[in-house]
Each structure stands twice: as structure tokens, then as C-alpha cells.
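See below for the structure under consideration.
The values are calculated or read from the model by the stated rules, or taken from the named source; none is laboratory data. Note that this is a predicted model, so its numbers are computed, not measured. Cβ coordinates were reconstructed from backbone atoms using ideal geometry, including for glycine residues, and neighbour counts include every protein chain displayed.
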Amino acid sequence: MRSIGIPRIAPSTQFASGQRGVALLTILLMVVMATILASSLLARQQRMLKQSELLLRQDQALQYALAGEGFLGDVLVADQKINNKSDSLSESWAQPMPVYPVEDGAVTGKLLDQSGKFNLNDLYHDGQPDPVALEYFKRLLDQAGLSAELANAVLDWQDPDKETTGNTGAEDSVYQGKRPPYRAANRPFTQVDELRLVQGFDDNAFNALSPFVVALPQYSPINVNTAPAQVLAALAPSLTSAAVTAWVKARDAKSQPIEAVSELWSQAPFDQVAANDSARIKPMLDVKSQFFEAQIQVMLSGRQRHLRSSLYRSDTGVVCYQRTLLPVRSGATS
Ligand SMILES: [Ca+2]
Ligand SMILES: [Ca+2]
């Protein structure tokens, strides 16, 4: 009698099949891992390519901006060769530079006079406070609709000592009580924005004063041919804003700048300034400009890049002593 039974798989065959299963799973896993790795590498490569493109474009934009700065510097040198007696807003340097087309974009820019504004650092120079500049600055604060007492804190911010000026000055003791605490700079202002840290300068005060002041690296007189009415009205206590505004309008309408400060005192309303007042303020006035801000815009591949360059012009040429690159923005508007 033959027995009929279920065929049995030999143990060795079972083991071999199990091994094949594990091997298949391992291969599958490796394929999955290789796929993940490949796609991750591809994504990284694409990111790197994009970053390289961006860096290349940024570098290219910076080179164009520096070329624009160089062009505007040359304009200032040329202006000095044409007329080194005076500087006014009717001269060619004060006109915007023509739009210069480059591959996939354009470069443009303009020069802004900085010597027509009140230099915050004139308040303290050559190791001591300047009482004439302090009086001038107090009158300018008044012209801007602010308390003249703010001047003391502005002086204390930059003077190297820790003694408060008058009753309204402010040194470390005031700033250490703020949240978060900080210290007075006790050195010249490097930019007008620093005023925001000075005691008494909230947004309103800053916005009212900032159009009329600059932070220049050395003592710098004010160019009466480029100064706004508010700055000129602060020259002497007897001047009224309305009368000086009318003079500034007439000044900017004609292209005949004053070539010596003494000419100013013969013109109304400055002819009303007392002789001792005009003599006192004289060192703070000039008819030429030494400091300028070059504002350059580069549009490249649909992105804008802005460069602000602080330029100093002397008899020997133009140097850039400070540069600020503004964040990249998309779009064509500025
Ligand atoms: Ca101080
Ligand atoms: Ca002080």
C-alpha cells in the first residue's frame, strides 16, 4: 500500500528561499536608499547652482554699482575743474545721472549734497565743545519745532566725558536705566540714525530733525548755496523762516551762486543780522561743498540693488569713506 501525503520541502530548500527573500528586501532597500540619495543630491546641486547664480548676479550688481559711484566721483572732479569758487544746486553734479543700460538691466544714480546740512559732529571737535555750533543747533531744533534743550543730550552723546551738559544732558547714567540698557557712544556720530538712541529723540523728534542734519567725519561748515531754508533760518535769532524761505526760492531759481560768505550779509533778510551775530557764525559758513552722498541703483535680472556711498571731495580728488548696501528688492519700483 502506497501512502499518499503532502510533499514536504526539505529544510535546506526552505532556508535557501528565506535567504533569497532577505536578499530581495535588502536590494529593494538599497534601491530605495539610492533613489532618495540621488534625489537629495540633485536637489542640493540645484540649490548650489541657484546660490552660485545669485552670488554671481549680486557680485555683478555690486561691480555695476561701484562703476556708478566712480562715474559720480568723476562728475565731482570735473565740476571742481570748471568752477572751484562755489557749489550750487544748479550745477551739473546736482542733476541725476542718465540711465546707463547694461546686459539684462540698467544703472542709474544721483549725488546729494551733504554740506548744506548741519553736521552733528560740529558740536564737539578738536577736543572741546563748540559753543557757536551748540547755539546754532539749538536754533535749528527750534526751527524743526523741537525743544532746544535736546541739544545738550546730542553733545553728551558724542563728547568723550561722562559729565552731563546742563540740566538736560544725558550720559551713561541715563542710558543704563533704559530697557535694555546701553551706553552713550562718547565718539562722533557715524550716521544720523544714531540720533534715535539719544535721550529725547522719539520717532517724531527724529523725523522732524533728520532732514536737516548729517554725520560727517570732520568739522564741516555749511554751504549757504545748497542749505535748505530751515538750516539758514537758524543762522541767527533775528531771522524768520518765511523770509529765509523766500530767499532760498530765489536762490534756487537763478544760477548765480554766492561766491563769498560776505555777500550773504548784504542780501535781505540776512542784512538784518546783527554784526556780532554774523561775525560769530562766520566760521560755520561756506560757499562750497566737500561732502556728498552718491545714491546708485542697479537693476539686474528684475532685481534692484541700492548703494549709498559717502564721498569727500578735496583739492586732490574724491574719496569714498563709507558705503552702505541696501537689501535686494524685486520689482522695478524704487
Ligand atoms: Ca559723553
Ligand atoms: Ca558730557
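Quick notes
To keep it simple, each residue is scored yes or no on (1) farther than 30 Å from E293 by Cβ; (2) at pLDDT below 90; (3) not in a loop (DSSP other than H, G, I, E, B).
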residue: T26; (1), (2), (3): yes, yes, yes
residue: M48; (1), (2), (3): yes, yes, yes
residue: G73; (1), (2), (3): no, no, yes
residue: A78; (1), (2), (3): no, no, yes
residue: K85; (1), (2), (3): no, no, no
residue: S90; (1), (2), (3): no, no, no
residue: Y100; (1), (2), (3): no, no, yes
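- Picking from residues in the range 174-198 that are in contact with an Asp or Glu (Cβ under 9 Å, 6 or more places away or on another chain) and among the small types (G, A, S), the one that is farthest from ligand 2 (Cβ to nearest atom) is A185.
- Within the range 265-288, if we keep just the residues that are of a type outside the set (A, V, I, L, M) and closer than 19 Å to T226 by Cβ, the residue that is surrounded by the fewest Cβ atoms within 10 Å (Cβ to Cβ) turns out to be Q267.
- Test: residue in the range 83-90 that is of a type in the set (S, T, Y), without any contact (Cβ under 8 Å) to a residue 40 or more places away in the chain and not assigned by TED's automatic domain parsing to the domain that holds S173: no
- Residues of the range 289-301 that turn out to be under 23 Å from the mean Cα position of the chain (by Cα) and farther than 12 Å from T226 by Cβ, as a count: 8
Residues are listed down the side, and each one gets a yes or a no for (1) within 20 Å of L239 (Cα to Cα); (2) hydroxyl-bearing (S, T, Y):
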{"position": "L134", "(1), (2)": "yes, no"}
{"position": "Q143", "(1), (2)": "yes, no"}
{"position": "L150", "(1), (2)": "no, no"}
{"position": "P160", "(1), (2)": "no, no"}
{"position": "T168", "(1), (2)": "no, yes"}
{"position": "D172", "(1), (2)": "no, no"}
{"position": "N186", "(1), (2)": "no, no"}
{"position": "Q191", "(1), (2)": "no, no"}
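- Residues located in the range 145-173, provided they are surrounded by 20 or more Cβ atoms within 10 Å (Cβ to Cβ), touching a helix residue (DSSP H, G or I) at 6+ places or on another chain (Cβ under 6 Å) and of a type in the set (A, V, I, L, M): L150, A151, L155, A170
- Per-region count, the range 123-145, residues within 16 Å of ligand 2 (Cβ to nearest atom) and touching a Leu at 6+ places or on another chain (Cβ under 8 Å): 7
- Note on the range 113-122: residues that are closer than 21 Å to D203 by Cα and either at pLDDT below 95 or more than 16 Å from ligand 2 (Cβ to nearest atom) (or both) amount to 3.
- Condition met for L311 (touching a residue at least 60 places away in the same chain (Cβ under 8 Å), under 28 Å from G109 (Cβ atoms), touching a Cys at 6+ places or on another chain (Cβ under 6 Å) and not in a helix (DSSP H, G or I)): yes
- Note on the range 129-207: enclosed helices (runs of 4 or more DSSP H) holding 3 or more residues that are in contact (Cβ under 8 Å) with a residue 24 or more places away in the chain and away from ligand 1 (no atom under 15 Å from the Cβ) are 131-143.
- Filtered residues of the range 116-128 (kept if free of Cβ contacts under 8 Å to residues at least 12 places away in the same chain and assigned to a loop (DSSP other than H, G, I, E, B)): G127
- Members of the range 146-173 that are away from ligand 2 (no atom under 11 Å from the Cβ) and either of a type outside the set (S, T, Y) or touching a strand residue (DSSP E or B) at 6+ places or on another chain (Cβ under 8 Å) (or both): L146, A148, E149, L150, A151, N167
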